[in-house]
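Okay, structure first, notes after.
The values are calculated or read from the model by the stated rules, or taken from the named source; none is laboratory data. Since we're looking at a predicted model, the values are computed, not measured. Glycine also receives a Cβ, built like all others from the backbone with ideal geometry; neighbour counts cover every protein chain displayed. We work out accessible area using only protein heavy atoms, side chains counted, and drop any ligands, DNA or RNA first. Shrake-Rupley method; radii C 1.70, N 1.55, O 1.52, S 1.80 Å.
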Amino acid sequence: MEIAQIIEWLDQHKDAIASIGLIVSGIWAVWIWKKKQGGNSSIGIQNQNSPNSGEQINVPVTVNDHAMVNQYFGGTHNHYNLSAEDVVKLAEKLVTEKGEKDAQIIKSLKETIQALMQQNSRQYDIRQAFDLLNHGNVAKAEEIFRLVAAEAEHKNKGKKGYIEAAKALRHLGSLAFLHDTKKAFAAFKRSTELDPDNFDGWNSLGHLYQRIGELGNAESAYTAAQKLSLLHLDREGEAVAYGNLGIVNRIRGDLKNAISYHEKALVINKELGRKEGMANQYGNLGNVYQILGDLERAIGYLEKALVINKELRCKEGMASDYGSLGNIYQIRGDLERAIEYYGKALVINKELGCKEDMARDYGNLGNVYQIRGDLERAIEYYEKALVINRELGRKEGMANQYGNLGIIYRVRGELKRAIEYYGKALALDKELGRKEGMANHYGNLGVVYGIRGNLERAIEYHEKALAIDKELGRKEGMANHYGNLGIVYQIQGDLERAIEYHEKALALDKELGRKEGVANGYGNLGIVYQIRGDLERAIKYHEKALALNKELGRKEGMANQYGNLGIVYRVRGDLERAIEYHEKALALDKELERKEGMANHYGSLGVVYRIRGDLERAIECWEQSLALFQQLDTQDKIALIQSLIDEAKQKGSD
């Protein structure tokens, strides 16, 4: 049965499903008792962090949770036994070796290991499968479940055989989920066709659709899971489904719906007294409010999540919350505090041996040092993250770090090397079918070709990126690409088209309530009107951008707008005011230790002093700018500033 058919069937029976909620509480209590006797967990992804505007910022992830009864199946000849403690240890070992350390994935694998022990050892080499599992090799276990599924489906035609085959496929999928998206997808997809009444199959299929960027199908799968949870009186499952629907809507940019779903999930978890679920939803709400630019509210929700996770001694959750708080302080420009929180997350993940999350923490630390202009240290952290992801064979993480390294080389002016790294990242995400990543890399390649002056190719890449994000319904990405296209048309001198694209970007960011994006849009429009000579309008847009950045506490954005206002006042001939604004910008970037911004502002101050006829002061500013660009190894800027210094010294000697 296809996703659309199961949803249609459930919709047709919605009155009956709703009426089930009126059944007396005695039956509810019996169901709860039966449910606690077993417990296969579906793998539920609860992001504890939000992606950042097209750049390769790595994010902590926690996993949602859900327990379902899972009966054993297959032959009864059991010649391989593990204690309950050994089963847990093996599950933990497997997820750790694959770069994870999550309680719910461990539960899912525990059920799979227990099911493997129940297979007919006369028919299957169970001992060899366990020997290989102990060395991190899941291939034999996967093959056994594939054979069990095939035998059940073909030998026992009818519902009973199909249900047994679906169970085997879900166990196959839980093993493949750790390392092979395509194999896991095929297993869970077939399991829903054979047993469309199983929550876990739909929920896990939703995660895999989400992983490959097919958000419409992910939403359909989660909706099927949600409707099944109503049919089965499964309140916990209902909360899981709502949480995952919230994540899909957040990725799409439908933040109002995202908040609604996360709040529904939170209410159910409070009703059930499920603190772990409450912590997940507080974290998810924090991420949404971060995107909206309501950073105080975001911090409030994340701190609530952190308090619960501390109370539960859930270190995975604590690490996730620390990472998310680090992101908010990074946005605010409080880089010391961002480093502190990323460091706390890293310490916990090292203690847990959770390599995948360690790689994310290294990536996030790299981002902070990149903002500061400490590019050597940023490279060091990105390469640490890359090494771990290579060791894990985790191609998604490798793609992220190649993208991050591409950004570094772009900032340094090493454009050929930047293209090389973006190309590596793009190739991996194409192989994974990871469309969101592909869109990011196409956008970054567009930026590089724009810097190179190859504007046609820049437009080509930005339009490829835009097409993918339109297909995904990912409005945040669309806004970024419209803005980038606006910049290219601005460089081409097509100012009307530039305004058109910047206004498209602005409209989307306003619709999303994404204040950071709105501020960027106002700033870009200010630059276009400045080029047109409409200086009053330029000032108006830069001041709007400045006000929003002040509201957000975004010091980097404030510095950019002070710099832009300095340029406008210089063009107007108001040199005193120009100096005032450039010095404000410089002070903020000094506070952030942001070398690129400091170099730009010293360069701009030098231009103002040259116009005033103060060549000595101009040279002094340019020499400070030159020293910073040399530290960044930005060759094109070094050449430009050196030429200004040489020209001024020549003029001074005449």
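Descriptive notes on the structure:
- Set 541, 602, 581, 562: member being of a type outside the set (Val, Ile, Thr), in contact with a Lys or Arg (Cβ under 7 Å, 6 or more places away or on another chain) and either outside any helix (DSSP H, G or I) or open to solvent by less than 60 Å² (accessible area, probe 1.4 Å) (or both): 562
- Residue 596 vs. criteria of a type outside the set (A, V, I, L, M, F, W, C), open to solvent by 50 Å² or more (accessible area, probe 1.4 Å) and modelled with pLDDT of 95 or more: no
- Residues in segment 152-181 that are part of a helix (DSSP H, G or I) and without any contact (Cβ under 8 Å) to a residue 12 or more places away in the chain: 154, 155, 159, 160, 161.
- One residue from 626, 644, 575, 552 being under 33 Å from the mean Cα position of the chain (by Cα) and hydrophobic (A, V, I, L, M, F, W, C): 552
- When the criteria are applied in full, residue 411 meets the requirement of being touching a residue at least 60 places away in the same chain (Cβ under 8 Å) and either of a type in the set (Ser, Thr, Tyr) or touching a Gly at 6+ places or on another chain (Cβ under 9 Å) (or both).
- The number of residues in segment 342-365 being within 18 Å of residue 310 (Cβ to Cβ) and open to solvent by 10 Å² or more (accessible area, probe 1.4 Å) comes to 8.
- Residue ID - surrounded by the most Cβ atoms within 10 Å (Cβ to Cβ), chosen from residues in segment 215-224 that are free of Cβ contacts under 8 Å to residues at least 60 places away in the same chain and not hydroxyl-bearing (Ser, Thr, Tyr): 218
- Scan of segment 241-263 for residues that are under 21 Å from residue 202 (Cα atoms), out of contact with any Gly (no Cβ under 8 Å at 6 or more places or on another chain) and not aliphatic (A, V, I, L, M), ordered by number: 242, 246, 249, 250
- Among (1) out of contact with any Asp or Glu (no Cβ under 9 Å at 6 or more places or on another chain); (2) open to solvent by less than 20 Å² (accessible area, probe 1.4 Å); (3) more than 17 Å from residue 320 (Cα to Cα) - the single one residue 261 does not satisfy: (2)
- Condition met for residue 267 (open to solvent by 30 Å² or more (accessible area, probe 1.4 Å), part of a helix (DSSP H, G or I) and β-branched (Val, Ile, Thr)): yes
- Matching residues in segment 605-622 - criterion: being farther than 24 Å from residue 564 by Cβ and either part of a helix (DSSP H, G or I) or within 44 Å of the chain's Cα centre (by Cα) (or both): 615, 616, 619
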